[in-house]
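The values are calculated or read from the model by the stated rules, or taken from the named source; none is laboratory data. The structure presented is a predicted model; accordingly, all values stated were derived computationally and were not measured. Here the Cβ positions follow ideal geometry from the backbone for every residue, glycine too, while neighbour counts run over all protein chains shown.
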Amino acid sequence: MMMCFLACKSTSIQDPQLLSLALVTLEGHEHYLELKPGSELTRARIDRSSDFVRANVLVKMWQFDFAWAIEREIGRLTGEWLLARAAESMAKVEVAFDHATEFMLMERVLRRAGLWKRTAEWIVPVNVAAMTGSTEGEWAAEACYRSLGERRLRRHHGLADALALRAAFVSVKETSACKARVVHSDAFHRLVALVDTWADEHNPSRFDSEAWVRRWLMQRVHALDGRRPLDLVEQPGGPEQLESLLQAIDAGVHS
């Protein structure tokens, strides 16, 4: 099943009306459209926008004239894009989002373009907020935003937010898969055995060495230049480096 990531910008939380729509596939195929500037509808939407949207969203729109379209055209082009992705994969397309309002806005423009019934047969909505809103997801999203400067894309631009959502999802999935491998590896068991020596010497009855190592693997460590121990476990020499670090931590704590 193909997967794509959705971000929509709207006028306000209380009464959301579409301003822009972005979709990005897992492989990186992009689709971005925004209301054509100067139209009566666009002016009305601007007037109805909240202060936050005015300060953070509208100022980042209308950089790319190739993306401008009337609302009905946004619906038609989006429906055609989704159906093309389904045809490519010969399967349904998962549409991932982190706010249900965004999927509602996409559905609304598809309905106005007369393509909702056709498109709905080929898409599956997936709320990934629980994953992408994790600490790991936030780190990956921030890194993505920093990388988009050359494209003149920033946070709260629809396409930037879709790309950041994809980056967060990919990072969390990769981390989960890596952690699943690592906790069954010899390297992990060696780290736990090393921490076991602390428990044996200092607090044998109350210390869960395996749980401690699982948490430690996910922390960003200053001594590792901000990397996580998990990032080193499967690298050549990584387990030995982590063992040395744990020994240094133990020496510092109990010296």
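One table, with the values for the structure above:
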item: Among the candidates 25, 11, residue that is out of contact with any Ser or Thr (no Cβ under 9 Å at 6 or more places or on another chain), of a type in the set (Ser, Thr, Tyr) and in the same structural domain as residue 133 (by TED's automatic domain parsing); result: 25
item: Top-ranked residue of segment 115-172 - restricted to ones that are loosely packed, with under 15 Cβ neighbours inside 10 Å and hydroxyl-bearing (Ser, Thr, Tyr), ranked as nearest to the chain's Cα centre (by Cα); result: 135
item: Tabulated pairs, segment 56-75, first within 11 Å of residue 32 (Cβ to Cβ), second surrounded by 18 or more Cβ atoms within 10 Å (Cβ to Cβ) and among the acidic types (Asp, Glu), C-beta under 7 angstrom, 6+ apart or interchain; result: 61/34; 67/34; 68/34
item: Output for segment 119-140, where each listed residue is modelled with pLDDT of 95 or more and in a helix (DSSP H, G or I); result: 119, 120
item: Boolean, residue 229 is loosely packed, with under 13 Cβ neighbours inside 10 Å, within 17 Å of residue 178 (Cβ to Cβ) and modelled with pLDDT of 85 or more; result: no
item: Top-ranked residue in segment 232-255 [being at pLDDT below 85 and among the polar types (S, T, N, Q); ranked as surrounded by the fewest Cβ atoms within 10 Å (Cβ to Cβ)]; result: 255
item: Out of 88, 102, 40, sole residue that is in contact (Cβ under 8 Å) with a residue 24 or more places away in the chain and farther than 21 Å from residue 13 by Cβ; result: 88
item: Segment 6-22 residues that are at pLDDT below 95, paired with ones that are not in a strand (DSSP E or B) (beta carbon under 8 Å, 6 or more apart); result: 13/50; 13/101; 14/50; 15/48
item: Boolean, residue 175 is over 23 Å from residue 128 (Cα atoms) and either touching a His at 6+ places or on another chain (Cβ under 6 Å) or of a type in the set (S, T, N, Q) (or both); result: no
item: Matching residues, segment 62-94, being in contact with an Asp or Glu (Cβ under 9 Å, 6 or more places away or on another chain) and closer than 15 Å to residue 6 by Cα; result: 74
item: Hey, residue 96 touching a residue at least 40 places away in the same chain (Cβ under 8 Å) and closer than 30 Å to residue 220 by Cβ or not; result: yes
item: Matching option when the condition is touching a His at 6+ places or on another chain (Cβ under 9 Å) and either over 15 Å from residue 95 (Cα atoms) or modelled with pLDDT of 95 or more (or both), among 165, 148; result: 148
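For every residue, the table says whether it meets (1) part of a loop (DSSP other than H, G, I, E, B); (2) touching a helix residue (DSSP H, G or I) at 6+ places or on another chain (Cβ under 6 Å); (3) surrounded by 19 or more Cβ atoms within 10 Å (Cβ to Cβ).
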| site | (1), (2), (3) |
| --- | --- |
| 8 | no, yes, yes |
| 14 | yes, no, no |
| 43 | no, no, no |
| 75 | no, yes, yes |
